[in-house]
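Accompanying notes for the structure given below.
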Amino acid sequence: MSSTETPAAAPENGVVNQPPATTSTPLSEGTKTQVQDVLTSEIGISVMLNRLKQSIASAKEFALFLKKRSVLEDEHANSLKKLCKTSQDNMLRGEHRGGTFGRAYEEMMVVHERMADNGIQFAMSLQTMAEDLTELSLVAEKSRKGWKQSGLAAEQRVADLEAAMRKSKSKYDALAEEYDRVRTGDTAGRPGGKMFGFKAHKSGAGYEEDLLRKAQAADQDYQGKVQVAATERSELETKTRPETVQALQDTVRECDSALALQMQKFASFNEKLVLSNGLNISPLRQASDTRSLRESVLAIDNEKDLSEYLSGQHVRLPPRTGPPKYERNALLDASRPAVASSPVTAHNPQQQQALGAVQPPPSGIFQGGSRSSTFSDATAAPPSQGSIGHSYNQSLGSIPVLGGPPQSSSSQHQHERSFSHGSGLNQGNGPTNQQPYRGPNAPHHQSQPSGSRFDGSFNSTTSQGPPQLGALSFQSPQPQQSQQPPYSQAPAPQNTAPSAAFQQPPNMIVPQSHTPPAGQQMTPPRPVFGITLPQLYERDGLAVPMVVYQCIQAVDLFGLNVEGIYRLSGSVQHVNKLKNLFDTDSSSSNLDFRNPENFFHDVNSVAGLLKQFFRDLPDPLLTRENYLAFVEAAKNEDDIVRRDSLHAIINNLPDPNYATLRALTLHLHRVIENSSTNRMSSQNLAIVFGPTLMGTAPGSNISDAGWQVRAVDTILQNTYQIFDDDD
């Protein structure tokens, strides 16, 4: 048998597809005989119906594959096109690089857009193929149903006639046998020799005639049914069956050929897609005006881009100024004391003599408006102004601004113990452990020129960010105090009630570790811990306290992947140091937790500090007023009802509590998102924060601990249903 070829693919979207020819293997004579025997037999129609059913099912399955592949390719291509446009528009903004990088990036986006166009065309072709196959399957299935009904009906009709013929023959044979027995008088075949089915009064001759008549009628009936069955079978074998089998064969061949053709087109379209994408990425050398993707990327010159950017900023250069010069304000000379109290001036006798003629300012001149005084006012003020208690109280309210009332030598040490930060990280736990502060600052002040009494304090302050009390010049240079005797020339202090601890000779050095009176040490200047959230909000104007913000920021940056974060305890010493720093000045640059050095590179201590803040709140974050409501809401077994009940209670929290809870919950949700590495699920975090956030209420019992955990766990699991995201 000669090989046959399938016709070439029809033009698709204006492109002629020429699939490769397919050949069929010649059949042997034995196989041909077997095929012909099956087709002409009684099972020929049913076998062809089953074969056509397989072809239709295969066509449907491939059509479904093409349809889904088309959807995927279309989504991918459109998403890629949209992504390229968005990314290209963003890259054209001024906040992104330009130059050779910008041109290379634009060319890369153009390549991807062309690939997306190819993908869209490929998806459209697949969709057309899927529709063609689906339509073909429907036509073939309809044809199969028609031929099945007509072919099987003819087969069934012949089978029914042959069954009736066999039944008629059986009846005919039985009557003939009965007639023969009656005619010969043989009754041995009947039990008792009696005849059944006839009335007893009939004679033997009448019975014989009756049987003969019935046998003749059965013979005629049998003969007629044989003729009808033979006629129907002849028509079935010569016309109906061959026509049905041939029609089914044609339908099978049509369906199979169409399926094979579509598969060839699918292979061809895949080749075209890959080839087109390849030419987009790396075009042929003939098109010299188009660079390949690799050439575009390799053309990026980082040094050239940087140089062009910097040269473009040349027009923005500010006018040059000379070196900074110190200019004394003439207004300060009127308030300069007769004898300078700063140890720095001891090395400049001329300046000291000039200042000796100036009358000291009246007592209390800085008490009312000292917060608006200049930096020089604070550093140049003599240590004998104001009473100890009054100066201390004034300084409590002026920590964020520089220039509080001048302090006596005794109150200097009080400020140093309560507020002095030094490096911010090397202090001891308590106010009595101030020795680490002296080391970094003393050399800094000693390195200043002796002719200026202001430069040292100014530089030490600005080097750490915003000016803080811990950086003032009246706290550190003890070695210089031992070299100068001006204290013996200063007027008598105006302190009305100094304690025994401060009654010392004027030229005596007071050690930095001297412990101030307990009554002045208990209350920090601007406490953060142990203050209610509404009070903190009213004082600082921050919806989320600074300590909460900094701790969350540190854990987000450095602790999301730390195993056991919030479960493992940090260093108690580190926690106490950080707590003391926040109580001193929460806006200090030393408390910027974006720098891990500011929390000793110990993120667990930051987590412990955050938990300590919430434990120290006089009224818990979720408030005692709502304690019972939270517990009752947690007892709801229905998850939705429990979530909505907690949501309603949270909405009724005071504004500072709500804002802080929202920030904490969104942060803990980010911790949960990294639970695969930090091992902290919502349940684990709820166990840690449940009692901390809810506290205890009068009349509560130990069994409420489980409900506390359940309430916080529900809040964490429904973070974005209860709160809006930060984005």
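Throughout, read-outs are computed from the coordinates displayed, never taken from laboratory work. Values in this document were obtained by computation on a predicted structure and should not be read as measured data. Methodologically, a virtual Cβ is constructed for each residue, glycine included, from the backbone with ideal geometry; neighbour enumeration extends over all protein chains shown.
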Practice prompt. DSSP loop (so not H, G, I, E, B), at most 10 other Cβ within 10 Å: list which trypsin sites (Lys or Arg not before Pro) in the range 64-142 pass both filters.
Written response: ARG93
Response to the item:
With DSSP loop assignment and no more than 13 other C-beta atoms within 10 Å, the trypsin sites (Lys or Arg not before Pro) in the range 649-727 are ARG679
Worksheet item: Taking Cα centroids, how far is the range 114-128 from the range 38-99 in Å?
Response: 10
Worksheet item: Kirkwood hydrodynamic radius of the range 53-194 from all distinct Cα pairs, in Å?
Response: 22.7
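Where does the charge balance sit around LEU628 when Lys and Arg score +1, Asp and Glu -1, over other residues with C-beta under 14 Å from its C-beta?
Values: positive: ARG624, LYS635; negative: GLU625, GLU632, ASP704.
Surrounding charge for LEU628 is -1.
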Response to the item:
Total charge of the residues flanking ARG285 in space, meaning their Cβ is under 12 Å from its Cβ, with Lys and Arg +1 and Asp and Glu -1, is -1
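Hand me the trypsin sites (Lys or Arg not before Pro) from the range 239-331 located in a DSSP loop with no more than 14 other Cβ atoms within 10 Å, in residue order please.
On the way: sites: LYS239, ARG253, LYS265, LYS272, ARG285, ARG291, ARG294, LYS304, ARG316, ARG320, LYS325, ARG328; in loops: ARG285, ARG291, ARG320, LYS325, ARG328.
Filter output for the range 239-331: ARG285, ARG320, LYS325, ARG328.
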Worksheet entry | Computed label-point distance, nm, for sites GLN535 and GLU237 using a 7 Å Cα→Cβ extension | 11.3
Fill in: Equivalent ellipsoid semi-axes - Cα gyration tensor, the range 533-722, angstrom
27, 19, 15
Fill in: Inter-part distance where the range 551-569 and the range 587-666 are each reduced to a Cα centre, Å
15
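Past 30 Å, Cα to Cα: identify those pairs from LYS67/LYS272; LYS169/LYS239; LYS68/LYS148, in the order given.
Values: LYS67/LYS272 19 Å; LYS169/LYS239 28 Å; LYS68/LYS148 32 Å.
Over 30 Å apart, Cα to Cα: LYS68/LYS148.
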Worksheet item: Under a straight-distance cross-link criterion of Cα-Cα below 18 Å, which aspartates and glutamates are reachable from LYS325, leaving out those fewer than 8 residues away in the same chain?
Response: ASP455
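Near ARG567, within a Cβ-to-Cβ distance under 11 Å, what is the net charge of the other residues, with Lys and Arg +1 and Asp and Glu -1?
Working: positive: LYS611, ARG679; negative: GLU563.
Value of the local net charge: +1.
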Fill in: Distance (nanometres) between label positions extended 7 Å along Cα→Cβ at GLU42 and LEU212
3.9
Practice prompt. Give the residues of the range 694-727 whose amide nitrogen is closer than 19 Å to a point set 7 Å from the Cα of ASP644 in the direction of its Cβ.
Written response: 711, 714-724
